[in-house]
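Encoded as structure tokens, the structure appears first; notes follow it.
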Amino acid sequence: MNKSELVDAVADRTGVSKKDVDASISGMFDVVADTVSGGGDVTIQGWVKFEQVERKARTGHNPQTGEKIAIPASKAAKVSALTKLKAAGKASV
């Protein structure tokens, strides 16, 4: 499901206009991105958690040449499924 399909589904389920649903979803992800990039966490209790994680510096290798390369430390976003989302995934299998 892509964003426009999500907007359509939420609008159909809630009776809210597609324009308002799109603005709400975009606004939510803007807030999540700003919070996580600032080092904070966002948790939607029981559903999902967004957080920033730090990756340590490490040594990798170039797969074409086999040459060792230094990979610097970095930060990344981590998204974790929580209990309700995990249960929903098991129910559909």
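Points worth noting:
- Residues satisfying the stated conditions in segment 30-71, i.e. under 17 Å from residue 81 (Cβ atoms) and either part of a helix (DSSP H, G or I) or more than 14 Å from the chain's Cα centre (by Cα) (or both): 32, 36, 45, 46
- Qualifying residue in segment 18-29 (condition: among the aromatic types (Phe, Trp, Tyr) and in contact with a strand residue (DSSP E or B) (Cβ under 8 Å, 6 or more places away or on another chain)): no
- Residue match in segment 53-64 (condition: among the β-branched types (Val, Ile, Thr) and closer than 26 Å to residue 5 by Cα): no
- Every residue from segment 29-50 that is surrounded by 13 or more Cβ atoms within 10 Å (Cβ to Cβ) and among the hydroxyl-bearing types (Ser, Thr, Tyr): 35
- Answer residue from segment 13-29, given it is assigned to a helix (DSSP H, G or I) and of a type in the set (Gly, Ala, Ser) and is farthest from residue 85 (Cα to Cα) among those: 23
- Restricting 76, 91, 57 to those that are exposed (fewer than 12 other Cβ atoms within 10 Å of the Cβ) and either at pLDDT below 95 or at positive phi (or both) reduces the list to 91.
The values are calculated or read from the model by the stated rules, or taken from the named source; none is laboratory data. Because the structure is predicted, anything quoted here is derived from the model rather than measured. Every residue, glycine among them, receives a Cβ derived from its backbone with ideal geometry; neighbour counts consider all protein chains shown.
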